[in-house]
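Since the structure comes first, as structure tokens, the remarks are kept for the end.
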Amino acid sequence: MRKTSWFILPLLAVLLMGIACPALASEAVGIQGYSKSTGYQYVTFGTYPTDADGTVRPILWRVLRSADGEAYMMTEYILFASPVHEDYDHYPGWEGSDLFAYLNNEFKQDAFSPAEQQVLLVRTEDGGLVTLATIDEMRDASLGFASNNDRLCESTEWAKEHRIKDTYKKSLYIYSKGHKYSPWWSRTRSQDYAHEQRRVMDEGKLGRVSSGNVDLGVRPVVTVNLSLLTIAGGSGTKDSPFQLQPSDAAAAAVPEEQPAKDTLVVTEDIVTDEPEAAATPVPVAEPEPAPEAEQQPVEPIATEAPATEAPAAAAGFTAAAKPEYIDERFPILDEKGFLPEGQPEFVLIDEENGQWLYASHTLRIEINRRTGTNSQKQPLRWYEAQIFTRDTSELFDLYPWDETKYTNINAQVLADEIAKKNHLVFAINSDYFIYRVERDREESYNYPLGIEIRNGQVLCAWPRNALSTVYPPLDVMAFYPDGSIKLFKNDQLYTDEFVDYLKRSGRDDYKALAETLKANGQTPEQLIAGGATDTLSFGPILVENGQVSPRSTEFGNTPNPRTAFGMVEPGYYICVMVESRIAESKGESCVWMGQKMAELGCWSAINLDGGATSTMIFMGKQVNKSGNYGDITNRKQNEVLGIGYSNAVQ
């Protein structure tokens, strides 16, 4: 009997401990950050409109990171749509943006009780209690963002149907694929374009877009002090999240003029004011290192630059005849520097040594691949093209994929396809104005289109505000039938509608600009009357009057793929294309481009669209290597800037 008793007593003790386990379990569970093996823990904290009818429910958060008694959390769903900054032309950066101010004022007051606000901590470089994730955090596998799919996000029903401001003309954008995911903002400013912000795009890819877009989603992030929170229920799963509530200490910290409110609790979709049963303090999980905050450069403010005047054009051009411009690998040329009439075209393609040559009776082209290091001591590779024409019978022109659908955003293909369709010897990308046409149709405001003239007809005309520091400035290059080009800064061209808009703005600086434009500027119609056949709008101006333009230092100061077009004199043109986002080349700035174009002898030169648009085509094949930019490496386009006809291009 005595042996049996000793055996039963330990067994009873174990059973009693098992009975006590549920009470101990809630104290033993810690708030954990993301783990690859177990995924996320989920909590509710604060309240916000959730249902389509505006019913307020607890906000569901995923815990990204937990360390040192603090938890860094992101909302599971998009809560609302908003631009980062309405006046995107004067975007001051994240800390000065409309959205940052809204999150830390109206949203904070609406979403969190006074006691809950005492729990929030400032732990990001922007100094906000409520903020957004950085673009680096959005691709940080340790936070659960290891692939595009990890960034896909749905919204609450309220976010789909409502706008936080009546002036926002669009609701949250929902991608057509699957009809449930939406784009959402980061707090990271674009390094390439000062008015743009990084964001999550279609299929979870990362990109950038104007900070003024009103239909992108917002997923706030906060850091909370776990020592001031208690767990009122739940198990930490998405279906049964921990219900976090402020402790008595948090409530006691509320200033007397802000009495703490009862926290709303939802149980099985029923909203009540009833408090839950006794809550347990929030235990602390093991610490994890936090990533460093990302900082973004800011583009400088633009200054004045006059329109340039090109050297006078002659009836027949003479530059090609100069011996210093003729490569020894060309065959015997005539006194003008071209093949004798009747001789078949000459084509040399030497990819190994980086040289491409072409000659006919009216056209001569030499492309050389160059290598070096960029201004940041990184590898750099670029292509220099010299183009000579005999006379005005052979000039650069703009070639669309479909002339009947010039402004149709669906009429786009890869640049080499356009070159082959038109049998072009040489081509580069243009200004990719079709992107701005698409944006203008999407936005509720007049999106800057630039001045776009094709074959003497105005396709679109809404200049960039010259007071704006947004890249690109939409400076203009105009082509003339005598082979010359002229460059115009964005404060030298206007439309009557644009001037009226400036006058109605109520701003003194806008009104002053309107007067300057009317007094000194030109309209697109005046450009055409002066002989311009085509224009491209991008910029900045790189070279004017043979000197590097100050504009080149004011826009596009980060290393990227870039394309530039310039004229030494009528009949002699220079194109430079810089590769980037590849191992062999990390790109360059507009400063470098201006210096290079001046070094090559340009009298006038302008920066064209870059990035995934940058392309150089020779005999129907792309010469440059395209780098990776988010979801694309080589962008489809609606036109190219090209010259020369060859039946060999198929």
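The values are calculated or read from the model by the stated rules, or taken from the named source; none is laboratory data. Source: prediction; values computed, not measured. Cβ placement follows ideal geometry from the backbone for every residue including glycine, while neighbour counts extend to all protein chains displayed. Only protein heavy atoms, including side chains, enter the accessible area calculation; ligands, DNA and RNA are left aside. Shrake-Rupley method; radii C 1.70, N 1.55, O 1.52, S 1.80 Å.
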Review point. Can you run phi through the Karplus equation (6.51, -1.76, 1.60; θ = phi - 60°) for segment 542-549 and list ³J(HN,Hα) in whole Hz, with x for Gly and Pro?
Key: 9, 9, 9, 6, x, 10, 4, 7
Check your understanding: To the nearest 10 Å², what's Thr38's accessible area with a 1.4 Å probe?
Key -> 110 Å²
Practice item. Would you mind counting up the charge near Asp500? Only other residues with Cβ under 12 Å from its Cβ, with Lys and Arg at +1 and Asp and Glu at -1. Key: +2
Exercise for review: Quick one: which residues, 5+ away or cross-chain, put their amide H under 5 Å from the amide H of Ile453? H built at 1.01 Å from N.
Suggested key: Leu459, Thr535
Review point. Along the charge dipole of segment 562-650, which of Gly566, Met597, Val578 sits closest to the positive end, that is, farthest toward it, with unit charges on the beta carbon of Lys, Arg, Asp and Glu (+1, +1, -1, -1)?
Key: Val578
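If packing is taken as the average number of other Cβ atoms within 10 Å across a peptide's residues, how do 487-495, 221-229 rank, most packed first?
487-495, 221-229
Dipole magnitude of segment 546-595 about its Cα centre, charges +1 at Lys/Arg Cβ and -1 at Asp/Glu Cβ only, in debye to the nearest 20?
120 debye
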Review point. By accessible area of protein heavy atoms, probe 1.4 Å, what ranking do Trp158, Trp603, Trp185 get, highest first?
Key: Trp603, Trp158, Trp185
Practice item. Work out from phi, with θ = phi - 60° and the Karplus expression 6.51 cos²θ - 1.76 cosθ + 1.60, the ³J(HN,Hα) of each residue of segment 365-381, listed in order in whole Hz, and give x for Gly and Pro. Key: 9, 9, 10, 10, 8, 10, 9, x, 10, 8, 5, 9, 6, 9, x, 9, 9
Practice item. Give the relative contact order (percent, whole number) for segment 38-171; include only Cα pairs under 8 Å separated by 6+ residues. Key: 28 percent
Study note, to complete from the structure: Output ordering of 140-149, 199-208, 327-336 (per-residue mean of other Cβ within 10 Å, highest first) is 199-208, 140-149, 327-336
Point to revise | Lys, Arg +1 and Asp, Glu -1 on Cβ, resulting dipole of segment 461-606 about Cα centre, debye, nearest 20 | key: 320 debye
Check your understanding: For segment 569-637, which trypsin sites (Lys or Arg not before Pro) are in a loop by DSSP, counting at most 10 other Cβ atoms within 10 Å?
Key -> none
Review point. Which one of Pro463, His423, Gln412 is farthest out on the positive end of the charge dipole of segment 407-493, using unit charges on Cβ (Lys, Arg +1; Asp, Glu -1) and the Cα centre as origin?
Key: His423
Practice item. Pull up all non-local amide H partners of Asn560: gap of 5 or more, or a different chain, and H-to-H distance under 5 Å with H placed in the peptide plane. Key: Glu588, Ser589
**Study point:** Label-zone membership for segment 542-568, site Thr633, 7 angstrom Cα→C-beta point, backbone N under 20 Å
**Key:** 560-563
Review point. Each residue of segment 191-205 in turn: what ³J(HN,Hα) in whole Hz from Karplus with 6.51, -1.76, 1.60 and θ = phi - 60°, glycine and Pro shown as x?
Key: 6, 8, 10, 5, 8, 10, 10, 6, 7, 8, 9, 4, 6, x, 6
